[in-house]
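What follows is one structure encoded as structure tokens, with my remarks underneath.
Bear in mind these aren't lab numbers, they're just calculated from the coordinates by the rules spelled out. In this text, all values refer to a predicted model and were calculated from it rather than measured experimentally. So basically every Cβ, Gly included, is an ideal-geometry build from the backbone, and we count neighbours across all protein chains shown.
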Amino acid sequence: MSGPVYALNLFDIASRDEYLAYSKRSAKEVAAHGGRVVALGKFREAAAGDIRPRTVLILVEWSSKEAFDGYCNDPKLADLHPHRTKGAGNYIWHLFDKLEDLRPLLK
């Protein structure tokens, strides 16, 4: 499937300084690689489900899976990504294809 994908990021802050070092550059680099932050959130409460809550939610829309991979694998960003991994704990990073509606899933 081609087209936009959403990256769901759920995590806790493991190191404030490391995550700040990541966030200072990441917004510009995400945009340069075809990404757009759609939502930022702080955990409020569990309404349903059995996933262990994380403190932070970030939802990024990427123009394509290739754009996401380009961001993750860009050698110019090799010094950036370690700040994310050191700064974020209990990290969940899932990709979802963008759908206009649920009909494809209900066939």
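For segment 63-72, putting each phi into the Karplus relation 6.51 cos²θ - 1.76 cosθ + 1.60 with θ = phi - 60° gives couplings of 4, 6, 5, 5, 5, 4, 4, x, 5, 5 Hz, in residue order, rounded to whole numbers and with x for Gly and Pro.
Placing pseudo-labels 7 Å out from each Cα toward the beta carbon at Glu66 and Arg36 gives an inter-label distance of 1.9 nm. Close lysine pairs were tallied over segment 5-99: pairs 8 or more places apart or on different chains with Cα atoms under 21 Å apart number 10. Extending 7 Å from Cα along the Cβ direction at Leu59 and again at Asn73 yields two label points whose distance is 2.8 nm. Counted by Cβ distance under 14 Å from Asn90, the other residues give a net charge of +3, where Lys and Arg count +1 and Asp and Glu count -1. For segment 41-107, taking Cα atoms only, Rg and Dmax work out to 15.4, 44 Å respectively. Applying the Karplus relation 6.51 cos²θ - 1.76 cosθ + 1.60 with θ = phi - 60° to segment 76-91 yields 3J(HN,Hα) values of 5, 9, 4, 7, 7, 4, x, 5, 5, 5, 7, x, 10, x, 6, 6 Hz, where x marks Gly and Pro. 3J(HN,Hα) along segment 21-32, derived from phi through the Karplus expression 6.51 cos²θ - 1.76 cosθ + 1.60 where θ = phi - 60°, amounts to 4, 5, 5, 4, 9, 5, 4, 5, 6, 4, 4, 5 Hz, with x in place of Gly and Pro.
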